[in-house]
Amino acid sequence: MLVRPRPSSCRVTSRTPAALARLGVAAGSAAAAEMERTLGMCETPSLAGEAKFCATSLEALLEDAMAGLGTRDVVPVTSPSLPRSGAPLQP
């Protein structure tokens with residue numbers, strides 16, 4: 001994710017090859033295909049009753065999550081029990 005000022009200044013859509021280049025993703029790669037699929041989901045209309053939000057920054061993601069919870073009174077937590085290398089991959 002980009003910090004807040006950056007997403008406002010660059011248009012990132014599934015039809016923008018420049019976005020892939022800007023992020024260092026090779027066109028035609030598996031990562032590019034996944035990015036295009038994900039961004040395409042952001043461009044489609046919401047289904048009836050679906051709450052849909054595509055965050056363009058970490059700040060926007062947190063603000064939308066707090067709005068969904070109906071409170072800004074949240075406390076970040078971490079888990080010291082994870083190995084230093086991170087969580088094991090899920091199957």
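The values are calculated or read from the model by the stated rules, or taken from the named source; none is laboratory data. Computed from a predicted structure; not experimentally measured. Every residue, glycine among them, receives a Cβ derived from its backbone with ideal geometry; neighbour counts consider all protein chains shown.
You will find that of THR13, THR38, THR71, the residue that is in a loop (DSSP other than H, G, I, E, B) and at pLDDT below 85 is THR13 and no other.
Of note, LEU47 does not satisfy the criterion of being modelled with pLDDT of 80 or more and within 28 Å of PRO76 (Cβ to Cβ). Take the range 36-69 and flag every residue that is over 27 Å from ALA18 (Cα atoms), surrounded by 10 or more Cβ atoms within 10 Å (Cβ to Cβ) and among the small types (Gly, Ala, Ser). If the condition is that a residue be over 27 Å from ALA18 (Cα atoms), surrounded by 10 or more Cβ atoms within 10 Å (Cβ to Cβ) and among the small types (Gly, Ala, Ser), then ALA65, ALA67, GLY68 are the ones that fit.
Only residues that are under 17 Å from the mean Cα position of the chain (by Cα) and either at pLDDT below 80 or farther than 15 Å from CYS54 by Cβ (or both) were counted in the range 16-34, giving 10.
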